[in-house]
1. How many residues are outside any strand (DSSP E or B) and either touching a residue at least 12 places away in the same chain (Cβ under 8 Å) or within 30 Å of F141 (Cβ to Cβ) (or both) if we restrict to the stretch 31-59?
2. Scan the stretch 207-214 and tell me whether some residue there is touching a Lys or Arg at 6+ places or on another chain (Cβ under 9 Å) and surrounded by fewer than 19 Cβ atoms within 10 Å (Cβ to Cβ).
3. Just name the residue that is surrounded by the most Cβ atoms within 10 Å (Cβ to Cβ) out of those in the stretch 169-200 that are among the aliphatic types (A, V, I, L, M) and without any contact (Cβ under 8 Å) to a residue 40 or more places away in the chain.
4. Could we say that L286 is crowded, with 17+ Cβ neighbours inside 10 Å and in contact with a helix residue (DSSP H, G or I) (Cβ under 8 Å, 6 or more places away or on another chain) here?
5. Is there any pair linking a residue in the stretch 60-85 that is in contact (Cβ under 8 Å) with a residue 40 or more places away in the chain and over 18 Å from F131 (Cβ atoms) to one that is assigned to a loop (DSSP other than H, G, I, E, B) and of a type outside the set (S, T, N, Q), with Cβ under 9 Å and at least six apart or on different chains, and which?
6. Suppose we filter the stretch 69-100 for residues that are in a strand (DSSP E or B), of a type in the set (K, R) and either more than 19 Å from the chain's Cα centre (by Cα) or surrounded by 18 or more Cβ atoms within 10 Å (Cβ to Cβ) (or both); how many remain?
7. Kindly check whether there is at least one residue in the stretch 230-242 that is over 19 Å from H196 (Cα atoms) and surrounded by 20 or more Cβ atoms within 10 Å (Cβ to Cβ).
Amino acid sequence: MFFPFPAPASRALVLMAALLASPGLMAQEGPVSLMIRWLPGKTYTQETQTETLTALTALGQAKDSKMKVHQVTSIAVTETEKGHKEARVTFEKMNGEVTLNGQQETFDSADLSKAPDVIKASVGQSVGKSFVLIYDENDNFLDVRDTAGMAPANMGNPVLTRIAEAKEVAELYRRSLEMGLQQRSVKPGDRWNAEHTLKFPSAGSVNVELRVKFDAIVNYDGHPHAKVSFEGDMANDDNGIESRPVQIGKGSKVFGQILFDLERGTVAFGAFRADIALEIQGQKPLPVRQQVTTKLISVE
């Protein structure tokens, strides 16, 4: 629900632990850019694993709900005649397992015939669908396009409300790529605050306030990477005008670490955790924990 995209969790966490324990820090002579740089003609492939625990026992139910999702996403970058960059994001495949009412179900986007109806609806609506992020020649974000294909159709025509939600998903994905990064050049030891307003289809506008630190430059996969860590708070925007059935309650937290590839200008690895208090109308706050790990598999 919250950060929709990541590599097998155990491998990713072991990798991160090894990195944090290693002495492979690299000398740094001056500030560096942490701005994502898209390379036309290249396709970026990500693996993402998301694990979500919804503590239904806090509401008096017998069992908690658990879900693990492994997803592969591609981003194909082309250049327009105006010199702009178009990054087409496609959710290629998805598989995982979900535990509902104490029963475990597995699913794979290659064959959803035996998947629960709720999985068929959500996964079937996502896999194989794409949208386009538009950037200028200096990699400044401009617009989101071609999101209608992610919206379910009614009598052959996409439903307008679903088109709006699809655009929110696309914008949320774009924001997740940039979480914790800095537009200006920075150096190891620098700290900064970052504020994001994210719009979730189910919860509306959510303010995220991050406290970020550029920890060091490290050697990862034979290349220099900036290691950045952050923590912060998230809650619904009190000034938001949306009426949504779910709210992100105060006290919700987010933590994360990323490795930014300084040579290729992209995030190579990210590990995030969100501890969220969901406020559902007429019910007690519902604790949700979500852990997301993402790894860049290739740039070809």
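1. Step one: list which residues in the stretch 31-59 are outside any strand (DSSP E or B), which gives 31, 33-42, 55-59.
Next, only the ones that are either touching a residue at least 12 places away in the same chain (Cβ under 8 Å) or within 30 Å of F141 (Cβ to Cβ) (or both) stay: 31, 33-42, 55-56, 58-59.
Number satisfying all stated conditions: 15.
2. Scanning the stretch 207-214, I find at least one residue that is touching a Lys or Arg at 6+ places or on another chain (Cβ under 9 Å) and surrounded by fewer than 19 Cβ atoms within 10 Å (Cβ to Cβ), so the answer is yes.
3. Checked the stretch 169-200; the qualifying residue surrounded by the most Cβ atoms within 10 Å (Cβ to Cβ) is L198.
4. On the way: crowded, with 17+ Cβ neighbours inside 10 Å: yes; in contact with a helix residue (DSSP H, G or I) (Cβ under 8 Å, 6 or more places away or on another chain): yes.
It is true that L286 is crowded, with 17+ Cβ neighbours inside 10 Å and in contact with a helix residue (DSSP H, G or I) (Cβ under 8 Å, 6 or more places away or on another chain).
5. Close Cβ pairs satisfying both conditions: A62/G102; H70/P6; H70/A7; H70/P8; G83/D136; G83/E137.
6. Within the stretch 69-100, the first condition is being in a strand (DSSP E or B), and the residues that meet it are 69-79, 85-100.
Now restrict to residues that are of a type in the set (K, R): 85, 88, 93.
Subset that is either more than 19 Å from the chain's Cα centre (by Cα) or surrounded by 18 or more Cβ atoms within 10 Å (Cβ to Cβ) (or both): 85.
Number of matching residues: 1.
7. Residues of the stretch 230-242 over 19 Å from H196 (Cα atoms): none.
Checked against the condition, which is being over 19 Å from H196 (Cα atoms) and surrounded by 20 or more Cβ atoms within 10 Å (Cβ to Cβ), the stretch 230-242 yields no hits at all.
Residue-wise test of (1) modelled with pLDDT under 90; (2) more than 29 Å from E279 (Cα to Cα); (3) more than 18 Å from the chain's Cα centre (by Cα); (4) of a type outside the set (K, R).
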{"residue": "V144", "(1), (2), (3), (4)": "no, yes, no, yes"}
{"residue": "A148", "(1), (2), (3), (4)": "yes, yes, yes, yes"}
{"residue": "A153", "(1), (2), (3), (4)": "yes, yes, yes, yes"}
{"residue": "R191", "(1), (2), (3), (4)": "no, yes, yes, no"}
{"residue": "I217", "(1), (2), (3), (4)": "no, yes, yes, yes"}
{"residue": "G256", "(1), (2), (3), (4)": "no, no, no, yes"}
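The values are calculated or read from the model by the stated rules, or taken from the named source; none is laboratory data. Source: prediction; values computed, not measured. Neighbour counts are summed over all protein chains in view; Cβ atoms, including those assigned to glycine, are modelled from backbone coordinates with ideal geometry.
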